[in-house]
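Can you read through this structure? Questions will come right after.
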Amino acid sequence: MIASAALLALLALPASAQTEIKLAVGGGAQAPLPVLALPEFTSSDTARGDDAALAKSLRDVIRSDLMLSRRFDVQDELPGQPPAAGAVWRLKGLAAKSGDKATAQIRLENGAGGEAVFERYYRQDARWARALAHRISDDVVKAATGREGIAETRIAFINNRTGHKEVYLMDYDGENVKRLTDDKSIDLLPRFSPDGRRIAYTSYKDGNPDLFLVDLETAKVSTLSNEQGLNIAGGFSPDGTKLLMTLSRGKSPNLFLKDLASGTVTRLTSHFGADSTPTFSPDARQAAFVSDRSGNPQIFVLDLANKQTRRLTDFNWCDSPAWSPTGEWIAFSGRANKRDKMDIFLVDVTGNQIRQLTHGEGSNEDPTWSPDGRLLAFSSTRGGRAQIFVMDADGSAPRLAADVPGASSTPHWSVVR
């Protein structure tokens, strides 16, 4: 299996009898998306090829971002074509390149009257024109909807293209893939800090599965935990001050909470079985995790104040819970019956509703939410090898995030860039 490779490689968990589950399928037709008309961006000097190329590239990236946001029905308004019917907004752009700088004037208009809803001038190093487009896209989403965009976020994941498992980064849309580590070992389970500036990950580079923290601006790597046995990051608290961890201390894996300022580590669970892969609820009062205390791995929720737990699933196998940013759902990978492939599911916080999002198109694991809760990234072997895919939160519109050589697994989506 792809999911929780470090833990599952060390534990041989018994399989239990096959389980029947009822799948509650959300329904109802969704309201049509508001139309955003997108004319061609113009350039300051039509005779300059650099200006025209910049205008086109900015528009192309912004168009893709706005479509991927799932908040607009983006309709092109090309020369010689009639205006988009029923446009709620119209987005216009003027671009220019001056030396090593790229500039853009962006105007979001009311589709009916043409009044400016949002207008801004941008100037940035021309080498980062794609990043400029992402920033514009997020500003447009915010101006039009009042919601934060996700175009400036990134996804961390593990890939073995070098013959070793290393941590990689890519933009949320699959562009700008780059290798982050060069440990020449087995790196596992990257987890972004809430500010997007650091990534915690486990590595065997020193012989033991130790937990490290890499600063993305300085590339400095520090040790978070190197106790005997497993040291695996679960997830940062929303304020970035605490980290949920799985530690085995040479025994059965259990859940711990580390205060990053003081270094204090507090035990949360104590079982002979395995408790692993914890994830904070958005209010940081609870943690969802996987435990085999009932016989085989299931999703549980732990109240961090009173240490009480409750079970949410009754599957043959569960793994990799990820709490939605809005708090209603926990995504996880699992199989209802032993003969099934691993698929992505949602369970609500009461355990009364379960929704299946993938349906046996390869092995589907490691779900992670976009920060707006509208998309899920996950690993899948549907293309013949493990790759990172993205789909809408209802399971629709799956797409390959990036065609990276080798096998890719355990994605984690940043909250901010």
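Yes or no: ALA336 aliphatic (A, V, I, L, M), at pLDDT 95 or above, touching a Leu at 6+ places or on another chain (Cβ under 9 Å) and in the same structural domain as VAL404 (by TED's automatic domain parsing)?
Values: aliphatic (A, V, I, L, M): yes; at pLDDT 95 or above: no; touching a Leu at 6+ places or on another chain (Cβ under 9 Å): yes; in the same structural domain as VAL404 (by TED's automatic domain parsing): yes.
In short, no.
In this structure, does TYR204 turn out to be in contact with a strand residue (DSSP E or B) (Cβ under 8 Å, 6 or more places away or on another chain), surrounded by fewer than 21 Cβ atoms within 10 Å (Cβ to Cβ) and of a type in the set (Ser, Thr, Tyr)? Before the answer, list the steps.
On the way: in contact with a strand residue (DSSP E or B) (Cβ under 8 Å, 6 or more places away or on another chain): yes; surrounded by fewer than 21 Cβ atoms within 10 Å (Cβ to Cβ): yes; of a type in the set (Ser, Thr, Tyr): yes.
It is true that TYR204 is in contact with a strand residue (DSSP E or B) (Cβ under 8 Å, 6 or more places away or on another chain), surrounded by fewer than 21 Cβ atoms within 10 Å (Cβ to Cβ) and of a type in the set (Ser, Thr, Tyr).
Can I ask one more? Identify, by number, the condition in (1) at pLDDT 95 or above; (2) of a type outside the set (Lys, Arg); (3) surrounded by fewer than 13 Cβ atoms within 10 Å (Cβ to Cβ) that ASN306 doesn't meet.
Answer for ASN306: the failing condition is (1).
Sticking with this structure for a sec: Residue check: is LYS178 closer than 17 Å to ALA156 by Cβ, at pLDDT 95 or above and among the basic types (Lys, Arg)?
Yes; evaluated as a whole, the condition is true for this residue.
While we're looking at this one, here's another question. Would you please list the contacts, defined by Cβ atoms under 6 Å and residues six or more apart or on different chains, that run from a residue in the range 395-417 that is in contact (Cβ under 8 Å) with a residue 12 or more places away in the chain to a residue that is surrounded by fewer than 16 Cβ atoms within 10 Å (Cβ to Cβ)?
PRO405/ARG161; GLY406/ARG161; ALA407/ARG385
May I ask you to say which residue of THR350, THR326, THR309, THR313 is in contact with a Leu (Cβ under 7 Å, 6 or more places away or on another chain) and β-branched (Val, Ile, Thr)? Lay out the reasoning, then the answer.
Working: THR350 fails: in contact with a Leu (Cβ under 7 Å, 6 or more places away or on another chain); THR326 fails: in contact with a Leu (Cβ under 7 Å, 6 or more places away or on another chain); THR313 fails: in contact with a Leu (Cβ under 7 Å, 6 or more places away or on another chain).
Testing whether each residue is in contact with a Leu (Cβ under 7 Å, 6 or more places away or on another chain) and β-branched (Val, Ile, Thr) leaves just THR309.
Name the residues in the range 248-287 that are touching a strand residue (DSSP E or B) at 6+ places or on another chain (Cβ under 6 Å), touching a residue at least 40 places away in the same chain (Cβ under 8 Å) and over 24 Å from ARG198 (Cα atoms), would you?
Result: PRO253, THR269.
Results for (1) surrounded by fewer than 15 Cβ atoms within 10 Å (Cβ to Cβ); (2) without any contact (Cβ under 8 Å) to a residue 40 or more places away in the chain; (3) out of contact with any helix residue (DSSP H, G or I) (no Cβ under 9 Å at 6 or more places or on another chain); (4) farther than 20 Å from LEU302 by Cβ, shown as yes or no for each residue.
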| site | (1), (2), (3), (4) |
| --- | --- |
| ARG198 | no, yes, yes, yes |
| THR218 | yes, yes, yes, yes |
| LEU224 | no, yes, yes, yes |
| GLY229 | no, yes, no, yes |
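Say we look at the range 170-185 and pick out the residues that are in contact (Cβ under 8 Å) with a residue 24 or more places away in the chain and touching a Leu at 6+ places or on another chain (Cβ under 7 Å); which of these is surrounded by the fewest Cβ atoms within 10 Å (Cβ to Cβ)?
LEU180
Can we say ALA233 is in the same structural domain as ASP372 (by TED's automatic domain parsing), under 23 Å from PRO411 (Cβ atoms) and surrounded by fewer than 22 Cβ atoms within 10 Å (Cβ to Cβ)?
No; evaluated as a whole, the condition is false for this residue.
So which residues in the range 310-325 are among the charged types (D, E, K, R) and either in a loop (DSSP other than H, G, I, E, B) or touching a His at 6+ places or on another chain (Cβ under 9 Å) (or both), if there are any at all?
Here is the first cut: in the range 310-325, the residues among the charged types (D, E, K, R) are 310-311, 314, 319.
Matches in the range 310-325: ASP314 only.
The values are calculated or read from the model by the stated rules, or taken from the named source; none is laboratory data. If you're wondering where the values come from, they're calculated on a predicted model, not measured in any experiment. No Cβ is skipped: glycine too gets one built from the backbone with ideal geometry, and neighbour counts run over all protein chains shown.
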